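A quick write-up on the structure given underneath.
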Amino acid sequence: MQDFVNTLNGFIWSPWLIYLCLGAGVFFSVLTRFVQVRHFREMWRLLLSGKSSEKGISSFQALAVSLSGRVGTGNIAGVAAAIGFGGPGAVFWMWVVAFFGAATAYIESTNAQIYKEEEDGIYRGGPAYYIEKAMGQKWYAWIFAIATIIACGLLLPTVQSNSIGNAVEMAFGAGVIIDTALGPISSAKIYTAVGIVLLLGFIIFGGVKRIANFTQVVVPFMALAYIIIAFAMIALNIDRLPGIFMMIITDAFSPMAGVGAAIGWGVKRGVYSNEAGQGTGPHAAAAAEVAHPAQQGLVQAFSVYIDTLFVCSATAFMILITQSYNVQLEGSATFIVQNVAADVAANSPAFTQIAVDSMLPGLGKPFIALALFFFAFTTILAYYFIAENNVSYIKRTLKIPALTFLLKVMIMGATFYGTVKAADIAWGLGDVGVGMMAWLNIIGIIIIFFMAKPAIKALKDYERQQKEGVETYTFDPEKLGIKNADLWKNKS
């Protein structure tokens, strides 16, 4: 199974996908005249000013839901893996992906707002919706919807829950080893799996509003606590910071693990972490109640910064400042750098736990386990939200009410399985899911740009209204030559 997953990943994560992710980010940055820089101040204003409605959640809630998808295992275990296999220079390429990816996030999220629909009294949307309406290709939308249900409902939850299980086991011990049909499993992982699944079931059976209400409280609090710990560790080692920063920059261009490894792992883990272009963020963006589609596009672009430039950087600096990492040639037992024990897995939260524990003895392992629980658990909630949107899209054609219930059972089963199984296969399955969605979505938004340019038209319209100093923003898709945006057409 592991060999099959590795082979599949070799096809999906070929250099072409890396070029596509970076190329799309540069392309949309230039076309929007670097919207991620020009409208940084506006992003802050919008983040704090939005309100929810009976049909939609607020901009901040939508940001929290999308951040719960972005801020997860990738920020702790993913950064460790990027360093462990790509060297410190991989961190630089994660920054590059985040900077350019913010423009991609603006495009895909604005598209989602433009082409959203109202279903069962709430807003729904995402790539499947805008692919059908803007491209006019329902078959392609169906492929994306099915791929996303498989990725977010089955593959990606295993990565998040696996890291929770590993972190709990490392922090509190394995307990008793129990023989099961899935092989020998520690009692710590079984108890953790049962607890996660019960809590997950309680929230996802409560609907979208309960997910939004939970994430808007938990995500900001946990991210802030995590960043404060990181800043404390950096402050205690401030004399090393310039040297670490220079090591990241120099290793990015003359990498110890090879150019392909540094760029490949930086881009792969960057896309996995911030999800720009992957097609997950647009689902939360579509659910928001805003006066103009460009507003939520700007808010979602800002979420990429929070994820990678803040949280991922915090992890990277903690690991590198304390030298709590190894650099290993992928697929080989050869270590280029070895600072910790050889049996410490890079595809796990271990590097980060060791780093925090080295500066704050006794706190590191339980704190990272707690942080991972909240980050990873809220990410699983976001995955359910995304998968449910695509099930809803399919149910418009296949009138099968039980599909949503089956999705809930599937994601709970995948979460349990991921918690108790080995890390390598979980990460491999997760990479397959991310890669499938990224290929389909990025190609889709590029084709949509050349066909209709909806997100660019929306941005120009928003900037025009900004210059005019309007008090209430409006959006008329027909006036801008945007077709099939029925909900906004009826509003206007």
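Just a few scattered comments:
- Fewest-first sequence of E388, E289, E108 by Cβ atoms within 10 Å of each Cβ: E289, E388, E108
- Cβ crowding within 10 Å ranks T192, T110 as T192, T110, fewest other Cβ atoms first.
- For the chain, the longest principal axis of the C-alpha atoms and the axis of helix 208-236 are separated by about 50°.
- Tensor-based shape of the range 68-138 (alpha-carbon gyration tensor, a/c under 1.5 rounded, otherwise prolate or oblate): prolate
- Applying 0.36 nm per residue to the separation of K479 and Q2 and subtracting their alpha-carbon distance, the gain on full extension is 166.4 nm.
- When the alpha carbon gyration tensor of the range 317-402 is reduced to an equivalent ellipsoid, its three semi-axes come out at 39, 18, 9 angstrom, largest first.
- Estimated from helical segments only, the mean residue ellipticity of the chain at 222 nm is -22000 deg cm²/dmol, where each DSSP H run of four or more residues counts as -39500 (n - 2.57).
- For I178, residues with placed amide H under 5 Å, excluding near neighbours: I185, S186, S187
- Value of D in µm² per second that Stokes-Einstein yields for the range 423-492, Kirkwood Rh from Cα pairs, at 4 °C (1.567 mPa s): 87
- Each residue of the range 448-462 was assigned a 3J(HN,Hα) from its phi angle through the Karplus expression (A = 6.51, B = -1.76, C = 1.60, θ = phi - 60°), giving 4, 4, 6, 7, 9, 6, x, 5, 5, 4, 5, 5, 4, 5, 5 Hz with x at Gly and Pro.
- Here the label points at A174 and R38, each 7 Å from Cα along the C-beta direction, are separated by 5.7 nm in the simple model.
- R33, R124 arranged by Cβ crowding within 10 Å, fewest neighbours leading: R33, R124
- Projecting the Cα atoms of L46, Y473, Q296 onto the charge dipole of the chain, computed from C-beta unit charges around the Cα centre, puts Y473 farthest toward the positive end.
- Checking [x] 24.1, 74; [y] 31.5, 113; [z] 21.5, 69 against Rg and Dmax of the Cα atoms in Å calculated from these atoms, the matching label is [z].
- Rounded to 10°, Cα long-axis angle of helix 2-12 versus longest principal axis of the chain: 40
Rule-based calculations on the coordinates, nothing more; no lab input. All values derive from a computational prediction rather than experimental measurement. Here Cβ is always computed from backbone atoms with ideal geometry, including for glycine, and neighbour counts include all displayed protein chains.
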